[in-house]
């Protein structure tokens, strides 16, 4: 059965060398598909843009963040409404289809959308239909913000303390924004690392708080090209990851002036680009 806060109960058989086998209830992170559609001005039919596997919750922020970080929209005023459409999933109180209604003055290049996205599936970069689509209009980071090295060390512990669903399931990625003093601004969790970040950026985007040029982003796993690209779209100057960055992530961060940090754990971290921002 589905519970609130992105978890579902299941029955498992637990085995150990000491106690043998026993049956008990365990919690899983919920994974459900979400189809994101556009309602274009003057067009009655919805345009399917993407399907992503996500943990239900903050779906509207996820859709807004996706549309923004993929360069489809540039400002919150371009979205007049985001709403669910269709019926909830069978035997579940989850709606897996939503539509973003765009304002009347928004002009969307449909041919670009058709070139750049498969309308049947998208789990991050693998949903792009061309290499050209990987470049979504990111701009060079512009900020004078500095961050203390001591602050970087504290971020993983803060993240773990507030990762409620991860503590119960062990199955979710997290993205979190912090200010220059290390105060937590916003946290989101999801089975998809790109979805967790879209939820964070979408919430800030719809509140008209982007660019986020005085914030530091921490992600719970590795730093991929896609996470760097999305953070750049939101103007985030520093991306720190508990895991390793990829070669393309380092290349992109260096090209656009982002500070990229990896292996933030056990009292150490590696700076791959933009070391001048860490003091």
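The values are calculated or read from the model by the stated rules, or taken from the named source; none is laboratory data. Keep in mind it's a predicted model, so treat the numbers as computed, not measured. No Cβ is skipped: glycine too gets one built from the backbone with ideal geometry, and neighbour counts run over all protein chains shown.
Tabulated results
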quantity: The listed residue being surrounded by 10 or more Cβ atoms within 10 Å (Cβ to Cβ) and farther than 26 Å from residue 196 by Cβ, out of 14, 54; calculated: 14
quantity: In region 17-32, the residues that are surrounded by 13 or more Cβ atoms within 10 Å (Cβ to Cβ) and modelled with pLDDT of 85 or more; calculated: 30, 31, 32
quantity: Elements of type helices (runs of 4 or more DSSP H) in region 92-204, at least 3 residues being modelled with pLDDT of 85 or more and crowded, with 21+ Cβ neighbours inside 10 Å; calculated: 149-162
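Yes or no, residue by residue, for (1) outside the structural domain of residue 203 (by TED's automatic domain parsing); (2) at negative phi; (3) touching a helix residue (DSSP H, G or I) at 6+ places or on another chain (Cβ under 9 Å):
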| residue | (1), (2), (3) |
| --- | --- |
| 12 | yes, yes, no |
| 21 | yes, yes, no |
| 49 | yes, yes, yes |
| 58 | yes, no, yes |
| 63 | yes, yes, yes |
| 71 | yes, no, yes |
| 76 | yes, yes, yes |
| 80 | yes, yes, no |
